[in-house]
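A.B. asks: Questions regarding the structure given below will be posed in turn.
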Amino acid sequence: MCLKDLQLCCRDTCLTKRSRMTLKVEAPTDELIEAVVIRHRTSLKLTATPDLGFDALGVLQRAGIAERQQFILGPDGSYDLHLNRFLRELSEWGVPSSNGIDGYSSDIMLVCRFLHEARGGKTIWEIDGQDLRAYKRARLHAEDPDDRVGAGTWNRSVAALDKWVLWSLDAGLLTAEPFRYVDKNVMTPQGPKQVRVNAEAEPTSRSAGSIRFLSYEDYLLWRDVGLRGYLPEGGRDPKWRGRHGDRNGLFADLVVSTGMRLGEASSVLVPEVPPLAQGIGDFHLSPAVTKRGVARTVFSRRRVLRELHHHLAFERDELVQRQRAAGAYEGWEDPLLVRRSNRQAMIVDGRTRAWTYSDIGIEDRIRLLSVDARGRVGGPLWLWLGEDGQPLKRSTWQSAFRRANERCAKFGIEYEVHPHTLRHTFAVHMLGLLLRQTVRAMGMSEDRRFTLAQIKRLLIGNPMRKLQLLLGHAHEETVYQYLDVLDEAQEIVLAALAEWDEQASVLDRIKVPAEAGR
């Protein structure tokens, strides 16, 4: 069990809404009357060890339990040794990132909860194909539309279960696969290939309609009206009561100009912001925050970088100074005090060596506080802060985008924009730049219209590999989905490219590795 405060990441019975609470081990509470499966994290940095009659901390350490390790407790408080060993070994089974482990743990926990509450108290070791189909109905086709998930979310749950099946078969804990699998033919650059997939996985279309993106003009309208409080015809809305419009608009600009994922953009640290004098705008994304734990470099437009430095020097600095004077940073629980930092590493109290960003995960980043030579706290190193001076989590940005969509809808601007929509927008426009760059290199006319087949012949290979590296996808084939979008919306893309010409130089900076592996 956890020895300090148990951080309980639980979901209520509708399976989609998340809540958080804290349970003290030393003083058990009867607030958790309903018997539910709940996901926890360990906490090994103790201020006071409860007297349990044995060296509980030593037991955890000898077992190799890491700080904030995910684990699941059953509805009766039982600890399934095998299931939790699976969660601990996820990093050895192709899930290296903390975000990935969080997602898999949450998905498995939800399956366990569903089996307990809706399938007669079954455990995950008793699951079969009928249970999975019932779970699919509850997730994809719930009576309340707000409780339904999309095909992508469902497929991530299936992927977590498939990973559990493979691990359990390898460990000898299952004698046969509990689900039905089918062979499916997919097209790859090397020709058709047969893959084996879970029969309950949902097909995901890669047609133009499945990729949501905005023209640059539409993006500016959505940003200014939804996030910054302007009227559609221009000018400030006198009824606007938002206080963080410029900050939120700047965050959206950073995402749309770099193609960062939400988790990557929201967890940037102040020392990671590129210097303005250099002018390149290169953000080096640490493997500790990227998907699959692969480092990459993305490039911001100079205008965005200039506004980001303005935000740091004025709005953010004023906020930090005000909150510091009010003592907001004196009571931080278990802070990591940073003496010095640059774009490569930082010096942290209690560590004998410099700490590189590749070793700093999101859970540690949010605890970083700068201190001066006298030990006085300067403020968080987390870039994006709320009104209270505390780090903003990714859920706050999701809420900000939702409110922006609702505000736009009031003016008849029917855009359903999410942070990932801006990543798609970056990809589509960057693909247009790739096409223009390739056409110029071949001495062809830029104003001609290309068929989809011609686009593919021009772009597949080195240009698409560059886009893959910018987006951080594991396989080049993943970015092929944008080819169909480009064919369907060439006029939209090409009309907006004038605003993105500055980004064309980004493509020249991308060095494609010589190795064939992708």
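The values are calculated or read from the model by the stated rules, or taken from the named source; none is laboratory data. What you see is a predicted model, and the numbers here were worked out from it, not measured in a lab. So basically every Cβ, Gly included, is an ideal-geometry build from the backbone, and we count neighbours across all protein chains shown. Quick note on the areas: whole protein, heavy atoms, side chains included, nothing else; ligands and nucleic acids left out. Shrake-Rupley method; radii C 1.70, N 1.55, O 1.52, S 1.80 Å.
A.B. asks: Quick one: is Asp246 in contact (Cβ under 8 Å) with a residue 24 or more places away in the chain and either part of a helix (DSSP H, G or I) or surrounded by fewer than 20 Cβ atoms within 10 Å (Cβ to Cβ) (or both)?
C.D. replies: So Asp246 passes the test.
A.B. asks: Among what's in region 82-98 and is under 16 Å from Thr42 (Cα atoms) and open to solvent by 60 Å² or more (accessible area, probe 1.4 Å), pick the residue that is modelled with the highest pLDDT.
C.D. replies: Arg85
A.B. asks: Here's a follow-up. In region 128-157, which residues are within 13 Å of Leu110 (Cα to Cα), among the basic types (Lys, Arg) and at pLDDT 90 or above?
C.D. replies: Within region 128-157, Lys136, Arg139 meet the criteria.
A.B. asks: Sticking with this structure for a sec: Given the conditions (1) more than 25 Å from the chain's Cα centre (by Cα); (2) modelled with pLDDT of 70 or more; (3) assigned to a helix (DSSP H, G or I); (4) not small (Gly, Ala, Ser), which single one is not true for Asp76?
C.D. replies: Every listed condition holds for Asp76 apart from (3).
A.B. asks: Next up: Which number in (1) modelled with pLDDT under 90; (2) touching a Pro at 6+ places or on another chain (Cβ under 6 Å); (3) not in a strand (DSSP E or B) marks the one condition that Glu217 misses?
C.D. replies: Failing condition for Glu217: (2).
A.B. asks: Within region 408-425, track down each residue that is surrounded by fewer than 18 Cβ atoms within 10 Å (Cβ to Cβ) and more than 20 Å from Arg261 (Cα to Cα).
C.D. replies: Of everything in region 408-425, those that are surrounded by fewer than 18 Cβ atoms within 10 Å (Cβ to Cβ) and more than 20 Å from Arg261 (Cα to Cα) turn out to be Ala409, Lys410, Phe411, Gly412, Ile413, Glu414.
A.B. asks: Test of understanding: among Arg156, Arg68, Arg139, which residue is on the phi > 0 side of the Ramachandran plot and either surrounded by 14 or more Cβ atoms within 10 Å (Cβ to Cβ) or among the aromatic types (Phe, Trp, Tyr) (or both)?
C.D. replies: It is Arg68.
A.B. asks: Considering only residues that are among the β-branched types (Val, Ile, Thr) and in a helix (DSSP H, G or I), which ones fall in region 259-276?
C.D. replies: Val270 - this is the single residue of region 259-276 that is among the β-branched types (Val, Ile, Thr) and in a helix (DSSP H, G or I).
A.B. asks: Give the residues of region 271-292 that are buried (at least 18 other Cβ atoms within 10 Å of the Cβ) and among the hydrophobic types (A, V, I, L, M, F, W, C), sorted by residue number.
C.D. replies: Residues satisfying the conditions are Val273, Phe283, Leu285, Ala288, Val289.
A.B. asks: Within region 293-402, which helices (runs of 4 or more DSSP H) (wholly inside it) include 2 or more residues that are open to solvent by 50 Å² or more (accessible area, probe 1.4 Å)?
C.D. replies: 302-311, 317-325
A.B. asks: Oh, and also: Every residue in region 297-335 that is in contact with a strand residue (DSSP E or B) (Cβ under 6 Å, 6 or more places away or on another chain) and under 20 Å from Ala252 (Cα atoms), please.
C.D. replies: Thr297, Val298, Phe299
A.B. asks: Do we have any residue at all in region 249-258 that's touching a residue at least 60 places away in the same chain (Cβ under 8 Å), outside any helix (DSSP H, G or I), touching a strand residue (DSSP E or B) at 6+ places or on another chain (Cβ under 6 Å) and within 23 Å of Pro391 (Cα to Cα)?
C.D. replies: No: region 249-258 contains no residue that is touching a residue at least 60 places away in the same chain (Cβ under 8 Å), outside any helix (DSSP H, G or I), touching a strand residue (DSSP E or B) at 6+ places or on another chain (Cβ under 6 Å) and within 23 Å of Pro391 (Cα to Cα).
A.B. asks: Scan the helices (runs of 4 or more DSSP H) fully inside region 90-191 and keep the ones with 3 or more residues being more than 28 Å from Pro287 (Cα to Cα) and without any contact (Cβ under 8 Å) to a residue 40 or more places away in the chain.
C.D. replies: So the answer is 129-140.
A.B. asks: While we're on this one: Please identify the pairs in which a residue from region 293-313 that is within 18 Å of Ala427 (Cα to Cα) has its Cβ atom under 8 Å from the Cβ atom of a residue that is surrounded by fewer than 21 Cβ atoms within 10 Å (Cβ to Cβ) and hydroxyl-bearing (Ser, Thr, Tyr), counting only partners at least 6 apart or on another chain.
C.D. replies: Arg296/Thr290
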